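S.K.: The structure that follows is given in the form of structure tokens.
The values are calculated or read from the model by the stated rules, or taken from the named source; none is laboratory data. This is a predicted model, so every value here is computed, not measured. Here Cβ is always computed from backbone atoms with ideal geometry, including for glycine, and neighbour counts include all displayed protein chains. Heads up: the accessible areas ignore ligands, DNA and RNA and are worked out on the full protein's heavy atoms, side chains in. Shrake-Rupley method; radii C 1.70, N 1.55, O 1.52, S 1.80 Å.
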Amino acid sequence: MTLPPFDLHRPGSLEEATDLAERYGEDAAFYCGGTELLLLLKLGFASFGHLIDLKGIEELSGIRADNGDLVIGAAVTHRELERSELVRARLPALATMERGVANLRVREVGTLGGNLCFSDPHSDPATFLLTLDAEVECRRGGGPARRLPVSEFVLGPYQTCLEEGELLTAVHVPALPAGAAVAHAKFSFHERPTATVACFAHVAGSTVTEARVAVGSVGARPVRSAAAEQLLTGSAANELDDGVLAAAGERAAEDASPVDDATGSAEYKTQLVRVLVERTFRQAVE
Ligand SMILES: Cc1cc2nc3c(=O)[nH]c(=O)nc-3n(C[C@H](O)[C@H](O)[C@H](O)COP(=O)(O)OP(=O)(O)OC[C@H]3O[C@@H](n4cnc5c(N)ncnc54)[C@H](O)[C@@H]3O)c2cc1C
């Protein structure tokens, strides 16, 4: 597999990147780690005369704390997240989830922004971030930033709400409130996950006062299951009810609308979600 010829552009600012995208229009594409885009080009599934490398744009890099929240630049790699002291101290579950993404070679160059923008339905971070009510920040050139929840950013398979020439610049992950925990699990047969589940539980006294359940990779896009969350909220934290957990898994699987694809049948994925919700929610409560 060889790459077809293209002109490579290396902008140093968001303004420059947007100018290039506007100048070359449909013949141009942004890329960061290139783990998705370059593969598409090699396979002949896409063709662009101009590639715009985002790695040199300072504003897209780095991980910082902002009033307890984590702000992650779109060009931060999975490996950086996995190894970041800040992430490990503030939100160790994020580092653990990132350690399970792909293989070391992909994690070294593949970025969080690239993962979300490519919007492959078989994704770990999208499901995880959904559970945390994370938000993305997008900007076109020097224009104002717009912030929106991950749930509104990911529209479907390979589809996001990014507009022409607009970049994903950062991901804002809210701090976990005291007494809250998050857990993520996935099941894979191949390189990418067949099913991903993330659960959040906030426990006060001996009661689960807030439950969140997100399911991804099984359907067109990751979703939160309000029905499962409603069932689990109010549970006794020290004695979770098997029947309620099973019902929550059932509802979450319904809400995720599993589809048949190369990673498994809808029926099998439904069963995976049932099991993973039960297991992951228990972990979040422990
Ligand atoms: C072998 C293999 C195994 C994998 N396994 C997993 C897995 O287990 N779990 C998982 O979640 N993922 C998995 N992935 C996906 C992997 O996480 C992504 O390939 C990676 O994160 C994409 O990042 P990138 O920077 O390389 O994207 P690129 O290929 O550079 O870009 C991807 C797309 O996003 C656009 N883009 C990139 N950055 C921006 C930006 N800042 N603003 C606007 N548009 C942008 C590009 O135009 C392109 O369309 C796997 C991939 C491979 C190849």
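S.K.: Give the ranking of Y31, Y24, Y268 by solvent-accessible surface, highest area first, calculated with a 1.4 Å probe.
M.R.: I get Y268, Y24, Y31, largest accessible area first.
S.K.: Could I ask something else about it? Determine the relative contact order of the range 101-259: mean sequence separation of Cα pairs under 8 Å and six or more apart, normalised by residue count, in whole percent.
M.R.: 21
S.K.: Distance in nm between label sites at D7 and E59, each 7 Å beyond Cα in the beta-carbon direction?
M.R.: Rounded to a tenth, the inter-label distance reads 2.4 nm.
S.K.: D241 accessible area, nearest 10 Å², 1.4 Å probe?
M.R.: D241 has an accessible surface of roughly 90 Å² with all protein chains in place.
S.K.: Each residue of the range 75-89 in turn: what ³J(HN,Hα) in whole Hz from Karplus with 6.51, -1.76, 1.60 and θ = phi - 60°, glycine and Pro shown as x?
M.R.: Coupling constants for the range 75-89: 8, 6, 7, 4, 5, 4, 5, 5, 9, 4, 4, 4, 5, 5, 7 Hz.
S.K.: Take every Cα pair under 8 Å in the range 169-286 that's 6+ residues apart, average their separations, divide by the length, and report that relative contact order as a whole percent.
M.R.: 27
S.K.: At 0.36 nm per residue, and after removing the present C-alpha to C-alpha distance, how many nm does the segment from E164 to E85 gain when stretched out fully?
M.R.: Length difference between fully extended and current span is 24.9 nm.
S.K.: Would you kindly calculate the mean projected area, averaged across all directions, of the convex hull enclosing the Cα atoms of the range 84-153, in square nanometres?
M.R.: Over all viewing directions, the range 84-153 projects a mean Cα-hull area of 5.6 nm².
S.K.: If you don't mind, there's one more thing I want to ask. Could you give the angle, 0 to 90 degrees to the nearest 10, between helix 242-256's Cα long axis and the longest principal axis of the Cα atoms of the chain?
M.R.: The two axes meet at around 30 degrees.
S.K.: Given contacts defined as C-alpha pairs under 8 Å and at least six residues apart, what's the relative contact order of the chain, whole-number percent?
M.R.: Relative contact order comes out at 15 percent.
S.K.: Work out the length of the dipole vector of the chain about its Cα centre, built from +1 on the beta-carbon of each Lys and Arg and -1 on the beta-carbon of each Asp and Glu, and round it to the nearest 20 debye.
M.R.: Rounded to the nearest 20 debye, it is 620 debye.
S.K.: Something else about it: Leaving ligands, DNA and RNA out of it, rank L20, L86 by accessible area with a 1.4 Å probe, largest first.
M.R.: Descending order: L86, L20.
S.K.: Can you tell me the orientation of helix 14-24 relative to the chain, as the angle in degrees between its alpha-carbon axis and the longest Cα principal axis, to the nearest 10?
M.R.: Roughly 60 degrees, rounded to the nearest 10.
S.K.: Are there GluC sites (Glu not before Pro) in the range 1-84 that DSSP puts in a loop and that have at most 12 other Cβ atoms within 10 Å, and which ones?
M.R.: Taking the range 1-84 and a limit of 12 other Cβ atoms within 10 Å, no loop GluC sites (Glu not before Pro) are found.
S.K.: Which GluC sites (Glu not before Pro) from the range 132-231 combine a DSSP loop assignment with at most 15 other Cβ atoms within 10 Å?
M.R.: E163, E164, E191
S.K.: Leaving ligands, DNA and RNA out of it, report the carbon-plus-sulfur percent of the accessible area of the range 154-256 at a 1.4 Å probe.
M.R.: The computed percentage sits at 50.
S.K.: What FRET efficiency comes out for L148 versus T96 if R0 is 30 angstrom and r is the Cβ-Cβ distance? Round to the nearest 0.05.
M.R.: Calculated value: 0.70.
S.K.: For S84, S257, what's the largest-to-smallest order of accessible area, 1.4 Å probe?
M.R.: Descending accessible area places them as S257, S84.
S.K.: Tell me the accessible surface of F189 in square angstrom (1.4 angstrom probe, heavy atoms of protein chains only), to the nearest ten.
M.R.: My reading of the accessible area for F189 is about 110 Å².
S.K.: Of L129, F48, L155, which is farthest on the positive side of the dipole of the chain, counting Cα position, with +1 on Lys and Arg Cβ, -1 on Asp and Glu Cβ, and the Cα centre as origin?
M.R.: Going by the charge dipole, the pick is L129.
S.K.: Evaluate the distance, in nm, between pseudo-label points positioned 7 Å from the Cα of A246 and of H50 along their respective Cα→Cβ axes.
M.R.: Between A246 and H50, the label points sit 6.0 nm apart.
S.K.: For S206 and Q271 in one chain, what is 0.36 nm times their gap in residues minus the Cα-Cα distance, to one decimal in nm?
M.R.: Gain on extension, S206 to Q271, equals 20.4 nm.
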